[in-house]
1. Quickly run through segment 268-309 and pick out the residues that are part of a helix (DSSP H, G or I), among the hydrophobic types (A, V, I, L, M, F, W, C) and open to solvent by 50 Å² or more (accessible area, probe 1.4 Å).
2. Could you count how many residues in segment 224-242 are touching a residue at least 60 places away in the same chain (Cβ under 8 Å), of a type outside the set (A, V, I, L, M, F, W, C) and in contact with a Pro (Cβ under 8 Å, 6 or more places away or on another chain)?
3. Look through segment 70-84, keep the residues that are surrounded by 15 or more Cβ atoms within 10 Å (Cβ to Cβ) and at pLDDT below 85, and return whichever of them is nearest to the chain's Cα centre (by Cα).
4. Let me spell it out: the conditions are (1) over 23 Å from Arg343 (Cα atoms); (2) more than 35 Å from the chain's Cα centre (by Cα), and Lys323 meets all of them except one. Which number is the exception?
5. Scan segment 302-317 and give yes if some residue there is modelled with pLDDT of 90 or more, in contact with a strand residue (DSSP E or B) (Cβ under 8 Å, 6 or more places away or on another chain) and farther than 24 Å from Gly240 by Cβ, otherwise no.
6. State all residues of segment 139-183 that are open to solvent by 80 Å² or more (accessible area, probe 1.4 Å), at pLDDT 85 or above and assigned to a helix (DSSP H, G or I); if no residue qualifies, say none.
7. Given (1) assigned to a helix (DSSP H, G or I); (2) open to solvent by less than 90 Å² (accessible area, probe 1.4 Å), identify the lone condition not met by Pro377.
8. Got a sec? Which of Glu247, Glu241, Glu327 is open to solvent by less than 60 Å² (accessible area, probe 1.4 Å), within 26 Å of Glu364 (Cα to Cα), charged (D, E, K, R) and modelled with pLDDT of 85 or more?
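The values are calculated or read from the model by the stated rules, or taken from the named source; none is laboratory data. Small disclaimer: the values here were computed from a predicted structure and weren't measured. Here the Cβ positions follow ideal geometry from the backbone for every residue, glycine too, while neighbour counts run over all protein chains shown. Note: accessible area is taken over every heavy atom of the protein model, side chains too, but ligands, DNA and RNA are not part of it. Shrake-Rupley method; radii C 1.70, N 1.55, O 1.52, S 1.80 Å.
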Amino acid sequence: MATSQAMAADHTVNHLERHELELDVLASVNQLMATQTGQRRMLSQVLEELEQRLGMARTTVMLVSPDGSELVVEATRRARHDSLPVKRYRCGEGVVGTVLQTGEPAIIPRIGQEPRFQNRIHQRGTGESREVGFLCVPIVLDSEVVGTLSADIPRGGARPMEEDARVLGIVASLIAFDVKTRRLAELQRHKLESENERLRTALKERFRPDNMIGNSNVMATVYQRIHQVAATSTSVLIRGESGTGKELVAAAVHYSGNRASKPFMRVNCAALTQSLLESELFGHEKGAFTGAVASRPGRIEEAEGGTLFLDEIGDFSLMTQVKLLRELQEREYERVGSNRTMRANVRIIAATNKDLESAVNAGEFRQDLYYRINVFPICLPPLRDRKDDILLLADHFAAHYAERMGKQIRRIS
């Protein structure tokens, strides 16, 4: 009687020790999934934990193929003498394929006595098969089986296989969560890459100099100037009459250079009063003026690393010219209503239809600012000086608006 009680006590102790070991292994598995970046490497280390610490063998993770028709080996711990396995199971094929089909775990006490067992992934001897059990549990993600986790269980002890199946089920749940996280991250990455590529392509197609309409000699000179200055950070002054395409040239300079991935911000200086223009350029703090209910970054701050296009710069007030000159010289500025100095890494492209030289002589435009923005001038010709391009422009706009309005217009006769 005493011997029986001692054996029961030993069994209880061993049972508790086993549970503590399982909890420790599960904690290690969770830590591996939180720290490892590569999925296969992480899974391989998880399987190593199961084999070295829980006594399992030939552990294998299989994941569903993209078309959902079969399982493919993602990670496994094979014995060295095993030959390369056939790495696929179709839905419903063998024990593993049945788990994929039904979503229910499979507990095989003796794999040698199970006719469905394929013995495909790992090679086992006949004698070994009679003494080895096999467990396979589904990896379920949002009620869908996305894979399986399987292991050989050496027999000989009194421990029920259901307990090992429970541990494998918990590990499978952790793997499912990891698979979901990685798939969402991969999906988001592909989405961002596709959107980024789409936007880059659209911007290049829209703004690259090659797509500007015109083959005349004067336009060829404009294209050459754009090509010369695009790769630099030099300030550019675009001059030309209204409607000659100054903003298009500014965008072409920006998107053809090394700042193309950064913002391209535009400010129409002629449309704003002095106070509003300063707020638009430099931003303002809350309470800086009537109506300033919240702080707001300016266009310079929003264009950080990119390009700021100042359209009709000839309409700047002298006070605003002083502040802009400081930004050009020192790369520093302050928000309206603030004394905190901010740094800026912004390329300035300005445009005007005015005679700035006459404005300088009349004292309406600062000479030092004029020399700062007129580092690399690009002069756009009016249409009357590029008559050879009129037919090209007419055909372009006819095709453009025909497509927009769903009309069949080949060209203007």
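1. Ala270, Ala271, Leu276
2. Total meeting the criteria: 3.
3. The selected residue is Arg77.
4. (1)
5. Within segment 302-317 (the criterion being modelled with pLDDT of 90 or more, in contact with a strand residue (DSSP E or B) (Cβ under 8 Å, 6 or more places away or on another chain) and farther than 24 Å from Gly240 by Cβ), the answer is yes, since at least one residue qualifies.
6. Glu162, Arg166, Phe177 - these are the residues of segment 139-183 that are open to solvent by 80 Å² or more (accessible area, probe 1.4 Å), at pLDDT 85 or above and assigned to a helix (DSSP H, G or I).
7. (1)
8. Residue meeting the stated conditions: Glu327.
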